[in-house]
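Undergrad: Before we start, here is the structure in question, set down as structure tokens.
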Amino acid sequence: MKIALIRRQYSATGGAELYLQRLISGLVAGQHEVHLYAEHWEGSPEAVTLHRVPMKAPRSLRPVRFAETVARMMAPLDFDVVFSLERTVSQDVYRAGDGVHKVWLDQRRQYASWWRRPFVGLGAFHSNMMALERRTFDPILTRHIIVNSEMVKREIIREFGFPAERIHLIRNGINPGRFQGVDRAKARQRFGLQDTDFTLLFVGSGWERKGLNFLLKLMERLGPKEPQVKLLVVGKGKLRGPVPANVILAGPVREVEEAYAAADLLTFLPIYEPSSNVVPEALASGLPVITSGYNGAAEWLTEGVNGHVLKHPEDTDALEKAVRFWMTRPEARPVSCTHAMDLDTNVRDTLRVLELAALEKRQFTPPSPVE
């Protein structure tokens, strides 16, 4: 097949792009002709034709201009299938890895301070993004959609009426081996943890969206009575006010597998997350997970077996109860997971959707013009 891939930013080394790297490798290995349309890239994937998408636009218009420019560039060319990982307007398959922008704004509004709520979602950027999103989720423009959680599938059906049978659930994939066999004692020493410490782990940047503030409230509560409970925070961000003594800010950590090895429990309470990779990463490390129902990756969890799902991420009482559940069950680790979490499964299932879309495209006969 002659395949076009669309991604605004591509990196041959970035962890966030591992999915696309593996997909490209699989396509090339299958003797497919691969074209990558990107605004910018770091490193050139082998045996791929690169098309730089020239961009000069303010932030408010950049996603729209990118989508329109890509459409113009591809118009004179003939591809068996066009696969977009961005909100665009000319694709056969779209991977909704970022979820639904409108739902994200609704969640931000719900959890914003009362005085900020009227301003959430205002401005040209958000209105343009939602208009672009409506075009992307138009079943006339897009043949198939790939989602990484049932949560996002429900949102797309509810907000846009996209046909359910054309939405395919393909869960995120990771490299499980990376998170196994790490020396726990050395990892705990690296982060200054004692043998008696029970360590909660938070991994991620964008701390407001990912709910770090809810965890800090718990740590403030536990500090005086449970000094052995620590919170290890990995990622970039800024905190308002002093950092509690039982919180360790490690900053970005390249060897993030060591953070998982050092911890006893992943605590991640986003107000909106299509499907966070930190959940399968923790499960691959053998850690139980506490997350919110607004995280599509909550679908990886079985209550009380490998984690807990909080209906309301701000519910500190429920969070403390769940943490204490795992504090009293050290024998439950390592926990198990019934879902396949490897990247190869993810890529194989993605290829099947691309092949289906290409077959439908070949079989489609446009209506004859009315004379």
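Undergrad: Round to the nearest 0.05 the FRET efficiency obtained for Lys56 and Leu77 when R0 = 25 Å and r is the Cβ-Cβ distance.
TA: Efficiency computed from Cβ-Cβ geometry: 0.65.
Undergrad: Give me the orientation-averaged projected area of the Cα convex hull of the stretch 12-149, in nm², one decimal.
TA: On the way: hull surface 39.7 nm².
Directional mean of the projected Cα hull area for the stretch 12-149 stands at 9.9 nm².
Undergrad: Still on this structure, please answer the following. Straight distance only, please: which aspartates and glutamates reach the Cα of Lys238 with their own Cα at less than 14 Å, same-chain residues fewer than 8 apart left out?
TA: Glu208
Undergrad: Enumerate the aspartates and glutamates that Lys102 could reach by cross-link, defined here as Cα to Cα under 16 Å, with residues fewer than 8 away along the same chain left out.
TA: By straight Cα distance, Lys102 reaches Glu86, Glu133, Asp138, Glu155, Glu159, Glu273.
Undergrad: Give me the percent relative contact order of the stretch 71-112, please, defined on Cα pairs under 8 angstrom at least 6 residues apart.
TA: Details: 28 pairs, mean separation 10.6, N = 42.
Dividing the mean separation by the residue count of the stretch 71-112 yields 25 percent.
Undergrad: I want to check the label-to-label distance for Ser127 and Gln194. Put each point 7 Å from Cα in the C-beta direction and report it in nm to one decimal.
TA: Placing both labels 7 Å along Cα→Cβ, they lie 5.8 nm apart.
Undergrad: Past 31 Å, Cα to Cα: identify those pairs from Lys186/Lys217; Lys56/Lys311; Lys56/Lys361; Lys186/Lys311; Lys186/Lys225, in the order given.
TA: Working: Lys186/Lys217 29 Å; Lys56/Lys311 43 Å; Lys56/Lys361 33 Å; Lys186/Lys311 36 Å; Lys186/Lys225 28 Å.
From the list (Lys186/Lys217; Lys56/Lys311; Lys56/Lys361; Lys186/Lys311; Lys186/Lys225), the Cα-Cα distance tops 31 Å for Lys56/Lys311; Lys56/Lys361; Lys186/Lys311.
Undergrad: Let me ask something else about it. What is the calculated FRET efficiency for Asp315 to Trp114, with r their C-beta to C-beta distance and R₀ = 22 Å, to the nearest 0.05? Each step should come with its number before you reach the end.
TA: Values: r = 19 Å, r/R0 = 0.87.
With R0 = 22 Å, the Cβ-Cβ based efficiency is 0.70.
Undergrad: While we're looking at this one, here's another question. Amide H neighbours of His168 under 5 Å, counting only residues 5+ apart in sequence or on other chains, H built in-plane at 1.01 Å?
TA: Ile145, Ile146, Val147
Undergrad: Then there's this: Mind listing the Cα extents of the stretch 178-328 along all three principal axes, in Å, largest one first?
TA: Over the stretch 178-328, Cα extents along the principal axes are 35, 35, 31 Å.
Undergrad: Please compute the contact order of the chain in relative form: average sequence separation of alpha-carbon pairs under 8 Å and at least six residues apart, divided by the residue count, as a percent. Walk me through the numbers on the way to the answer.
TA: Details: 664 pairs, mean separation 54.3, N = 371.
Reported relative contact order: 15 percent.
Undergrad: Can you compute the FRET efficiency between Ala185 and His40 using 1/(1 + (r/R0)^6), with r the Cβ-Cβ distance and R0 = 41 Å? Round to the nearest 0.05.
TA: On the way: r = 42 Å, r/R0 = 1.01.
My answer for the efficiency is 0.50.
Undergrad: Share of the stretch 178-328's accessible area from carbon and sulfur, percent, 1.4 Å? Let's see the in-between values first.
TA: On the way: 3150 of 6360 Å².
Accessible surface attributable to carbon and sulfur in the stretch 178-328 totals 50 percent.
Undergrad: Can you compute the helix-only [θ] at 222 nm over the chain? Use -39500 (n - 2.57) per DSSP H run of at least 4 residues, normalise by all residues, nearest 500 deg cm²/dmol. If you can, show how the numbers build up before the last one.
TA: Values: 11 runs with 125 residues, N = 371.
It comes out at -10500 deg cm²/dmol, rounded to the nearest 500.
Undergrad: How large is ³J(HN,Hα) for each residue in the stretch 307-320, as worked out from phi by the Karplus curve 6.51 cos²θ - 1.76 cosθ + 1.60 (θ = phi - 60°), to whole Hz, x for Gly and Pro?
TA: x, 9, 10, 8, 5, 10, x, 7, 7, 5, 4, 5, 5, 4
Undergrad: Could you give the angle, 0 to 90 degrees to the nearest 10, between helix 62-74's Cα long axis and the longest principal axis of the Cα atoms of the chain?
TA: Taking the Cα atoms of the chain, the angle to 62-74 is about 40 degrees.
Undergrad: If you don't mind, another one. Subtract the Cα-Cα distance of Arg352 and Lys236 from 0.36 nm times their separation in residues, and report this length gain in nm to one decimal. Provide the component values of the computation, followed by the final result.
TA: Values: separation 116, 0.36 × 116 = 41.76 nm, distance 3.66 nm.
That pair, Arg352 and Lys236, stretches by 38.1 nm at full extension.
Undergrad: Which order do the peptides 95-101, 333-339 take when ranked by the mean count of other beta-carbon atoms within 10 Å per residue, highest first?
TA: Descending mean neighbour count gives 95-101, 333-339.
Undergrad: Same structure again: If you count only protein heavy atoms with a 1.4 Å probe, what accessible area per residue comes out for the chain, rounded to a whole Å²? Walk me through the numbers on the way to the answer.
TA: On the way: 17520 Å² over 371 residues.
Each residue of the chain exposes 47 Å² on average to a 1.4 Å probe.
Undergrad: Roughly how many debye, to the nearest 20, is the charge dipole of the chain about its Cα centre, given +1 on each Lys and Arg Cβ, -1 on each Asp and Glu Cβ, and no other charges? Numbers along the way, then the final one.
TA: On the way: 49 positive and 43 negative charges, 223 e Å.
Roughly 1080 debye, rounded to the nearest 20.
Undergrad: Nearest 10 degrees is fine. How inclined is helix 343-363 to the longest principal axis of the chain, computing both from alpha carbons?
TA: The angle comes out at about 20 degrees.
The values are calculated or read from the model by the stated rules, or taken from the named source; none is laboratory data. The shown structure was predicted, so the numbers you read here are calculated from the model rather than taken from an experiment. Virtual Cβ from ideal backbone geometry, glycine too; neighbours counted across all protein chains shown. The area values use the complete protein model at the heavy-atom level, side chains included, leaving out ligands, DNA and RNA. Shrake-Rupley method; radii C 1.70, N 1.55, O 1.52, S 1.80 Å.
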